[in-house]
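The values are calculated or read from the model by the stated rules, or taken from the named source; none is laboratory data. The structure presented is a predicted model; accordingly, all values stated were derived computationally and were not measured. Neighbour counts are summed over all protein chains in view; Cβ atoms, including those assigned to glycine, are modelled from backbone coordinates with ideal geometry. Heavy atoms of the whole protein, side chains included, go into the accessibility calculation; ligands, DNA and RNA do not. Shrake-Rupley method; radii C 1.70, N 1.55, O 1.52, S 1.80 Å.
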Amino acid sequence: MLTPSLERLIAELSRLPGIGPRSAQRLAFHLLKGPRDRPVALAEALVQMAERLRPCSRCFSFAEDELCPICADPRRDTSLLCVVEEPSAILPIERTHEYRGTYHVLGGALSPIDGVDPDDLRIDELVRRVDAEGVTEVVLATNPTMTGEATALYLADLLRGRVRLTRLASGLPVGADLEHADELTLGRALLGRREL
Amino acid sequence: MPTPRVYRTNAIVLSRFDLGEADRVLTILTPDQGKLKAVAKGVRRPGSRIGGSVEPFAELELLLVRGRTFDVITQAAVEHAWLALRDHLESAATAWYLAELAERAVEERASAQPVYALLRRACQLLDDGMTPARVARWYEMDLADALGVRPEVERCVECDRPLEADERFRWVPALGGVLCEQHPGPPAEVVGMSLAALKLLRAYRRLDIEAIAGLRLPPTVEAEVEVLLRRFMRHALERDPRSLTFLDEVRARH
């Protein structure tokens, strides 16, 4: 029924997360309906991304040169280092405009039950950076999940005594009703309460 | 009687993996239905009402709807949060090990009351600050019991003769326990053991964990029993748990 090129496009789109065959078909037809230059621009963007993107040699986020834009920015405070699980966590932190330090991407979180051990993460690279770059504070910004917490505890054990260690606060989302909070989050919020 | 489409159960999350943009598939241990996989929709978004609850090592009360591939979690309330367990790396690493043993030991959709009660109590003990290694040994012994493969530590597994204090003992997981000196056993699977280790294994079998926690034990004997029980669990579950590598690394650093 479909042409080979269209079938290939649908097959490729359906490999994306959250996209099933029907959604892939809908996206493909949407691209066909619009102006001809739109799918071409999308294809060019994909090719450019695949060809140019590589890990930043310092923080292991995405870069097009040796260093990512953040590591290459001389205005960044290199004494402050924020540790995240994946590059995708950098963007929301940047959007807060509250952080002017640099980042280190671990490439995941410790998950012993899945066989993800310290050797599978960029922990040695982190320790080397802390020693070499004059870092004075490491912000442990791994996810507030069991695996993220264990990773933060492991890193804290490793770096204790070398630098100031801080962890992102856990608690209630701004604008939320207390009555809808789950017990784990509320428990954390109570443990981490601060004086006014 | 038809199975109800919506059901309520207590559960402990054993492991999980991300699905799609914001969902997670959880492997949960329940008392009546054993191990099962359930999807928690949208829980990776900060605004999720159940996201904070459905983390490993908390006892939950869940409301689930039966689905074609996975059941879907529609409500979750935390019965026991065990927050202190998460703040101590060795306790957390031990909890992972215990959860992996439970995941390996329990069948899907089959009653698992004893294993559920055991894991629940182990999490509580770790949360209370009990020495993680002792909780792990007690758990291994009781889990073997729950699986119907309790190690024999009173009599020779070959001749059924009561073991005497002045003889040589050998640990043979393949035969289910201790062998007296009169029987050779399968050569590759025989491990020598001390009388002190035998006594400690008996203590783990006879005493409750609260009593064991109060014992003063030489570290060498505890280490010996750890090796013996790990061999036993490896034999019972047919392979080494993956979480042991991390647990050993954490313990080596403390």
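Between helix B:89-105 and chain B there is an angle of about 90 degrees, using the helix long axis and the longest principal axis of the Cα atoms.
Computed on the Cα atoms alone, the convex hull of chain A gives a volume of 213 cubic angstrom per residue.
For the range B:6-81, a simple Cβ point-charge model (Lys and Arg +1, Asp and Glu -1, everything else neutral) yields a dipole of about 260 debye relative to the Cα centre. With a 10 Å cut-off between alpha carbons and a GNM built on chain A, which of A:Gly107, A:Gly18, A:Gly134 moves the most? Evaluated over chain A, the most mobile residue of the options is A:Gly18. Roughly how many whole Å is it from the C-alpha centroid of the range B:161-181 to that of the range A:118-170? The range B:161-181 and the range A:118-170 have Cα centres spaced 47 Å from each other. Rounded to the nearest 100, the interface formed by chains B and A buries 2700 square angstrom of accessible surface, both chains summed, with a 1.4 Å probe.
Remark: the range B:114-126, residue by residue, has Karplus-estimated 3J(HN,Hα) of x, 5, 4, 4, 5, 5, 4, 5, 4, 5, 4, 5, 5 Hz, where x stands for each Gly or Pro and the curve is 6.51 cos²θ - 1.76 cosθ + 1.60 at θ = phi - 60°. Local charge for B:Leu237 was computed over the other residues whose Cβ lies under 11 Å away, with Lys and Arg +1 and Asp and Glu -1, and equals -1.
Any idea of the accessible area per residue across chain A, 1.4 Å probe, to the nearest Å²? Could you put the intermediate results ahead of the total?
Numbers: 12340 Å² over 196 residues.
So chain A comes to 63 Å² accessible per residue, rounded to a whole number.
An ellipsoid equivalent to the range B:154-251, defined through the eigenvalues of its Cα gyration tensor, has semi-axes of 23, 19, 12 Å when rounded to whole angstrom and sorted largest first. Counting Cβ atoms of other protein chains within 10 Å of each residue's Cβ and taking the mean over peptide B:239-245 gives 3. Compactness ratio for the range B:6-81: Cα radius of gyration over 2.2 N^0.38 Å (N = residue count) comes to 0.96.
Rounded to the nearest 20 debye, the dipole magnitude of the protein assembly as shown is 1080 debye, with +1 charges on Lys and Arg beta carbons, -1 on Asp and Glu beta carbons, and the Cα centre as origin.
Only helices enter this figure: runs of n ≥ 4 DSSP H residues, each worth -39500 (n - 2.57), summed and divided by the residues of the protein assembly as shown, yield -12000 deg cm²/dmol at 222 nm to the nearest 500.
Start at zero, step by 20 Å, and the Cα-Cα distances of the protein assembly as shown spread as 21, 46, 28, 5, 0 percent across the bins. A dipole drawn for the range B:84-253 from +1 and -1 charges on Cβ atoms has a positive end, and of B:Ser243, B:Val190, B:Tyr204 the residue lying farthest that way is B:Ser243. Which shape class applies to the range B:84-253: rounded if a/c is under 1.5, otherwise prolate when a/b exceeds b/c and oblate if not, where a ≥ b ≥ c are the square roots of the Cα gyration tensor eigenvalues? It comes out prolate by the Cα gyration axes.
Run through the range A:88-190 and list the trypsin sites (Lys or Arg not before Pro) located in a DSSP loop whose Cβ has at most 16 other Cβ atoms within 10 Å.
Numbers: sites: A:Arg95, A:Arg100, A:Arg122, A:Arg128, A:Arg129, A:Arg160, A:Arg162, A:Arg164, A:Arg167, A:Arg188; in loops: A:Arg100, A:Arg122, A:Arg162.
Hits after loop and neighbour filter: A:Arg100, A:Arg162.
Shielding by partners for peptide B:71-84, expressed as the average number of C-beta atoms from other protein chains within 10 Å of each residue's C-beta, is 2.
When A:Thr96, A:Thr147 are compared by accessible area at a 1.4 angstrom probe, the order from most to least is A:Thr96, A:Thr147.
How high is the FRET efficiency between B:Arg8 and A:Asp177 when r is their beta carbon distance and R₀ equals 25 Å, given to the nearest 0.05?
Working: r = 24 Å, r/R0 = 0.96.
The value I calculate is 0.55.
Database remark: amide H of A:Val163 closer than 5 angstrom to no amide H (H placed geometrically; neighbours at sequence offset of 5 or more, or on other chains; Pro and chain starts carry no H). Helix B:243-253 sits at what angle to the longest principal axis of chain B, using alpha carbons and giving 0 to 90 degrees rounded to 10? Here the helix axis deviates by roughly 70 degrees.
Taking all protein chains together and a 1.4 Å probe, the residues B:Phe169, B:Phe17 rank B:Phe17, B:Phe169 from largest to smallest accessible area. Taking each residue as 0.36 nm, the span from A:Ala50 to A:Asp119 lengthens on full extension beyond its C-alpha to C-alpha distance by 22.1 nm.
Here the Karplus curve 6.51 cos²θ - 1.76 cosθ + 1.60, taken at θ = phi - 60°, turns the phi angles of the range B:137-151 into couplings of 5, 4, 5, 4, 5, 6, 5, 4, 4, 5, 8, x, 10, 4, x Hz, with x standing for Gly and Pro.
Using a simple charge model, +1 on the beta-carbon of Lys and Arg, -1 on the beta-carbon of Asp and Glu, nothing else, what dipole does the range A:4-157 show about its Cα centre, in debye to the nearest 20? Walk me through the numbers before you get to the answer.
Working: 17 positive and 25 negative charges, 216 e Å.
Charge dipole, the range A:4-157, about its Cα centre: 1040 debye, nearest 20.
Karplus-based coupling profile of the range A:99-114, in residue order and whole Hz: 10, 10, x, 10, 10, 9, 9, 6, x, x, 9, 4, 9, x, 5, 9, with θ = phi - 60° in 6.51 cos²θ - 1.76 cosθ + 1.60 and x standing for Gly or Pro. Rounded to the nearest 0.05, the FRET efficiency derived from the C-beta distance between B:Asp166 and B:Ala252 at R0 = 41 Å is 0.70. Sparse packing (at most 13 other Cβ atoms within 10 Å of the Cβ) combined with a DSSP loop state is found for the following trypsin sites (Lys or Arg not before Pro) in the range B:1-96: B:Arg5, B:Arg66, B:Arg68. For the range B:69-109, applying the loop criterion from DSSP together with a ceiling of 16 other beta carbons within 10 Å to the GluC sites (Glu not before Pro) yields B:Glu107.
In this structure the amide hydrogen of A:Phe62, modeled in the peptide plane, comes within under 5 Å of the amide hydrogens of A:Cys56, none closer than 5 places in sequence on its chain.
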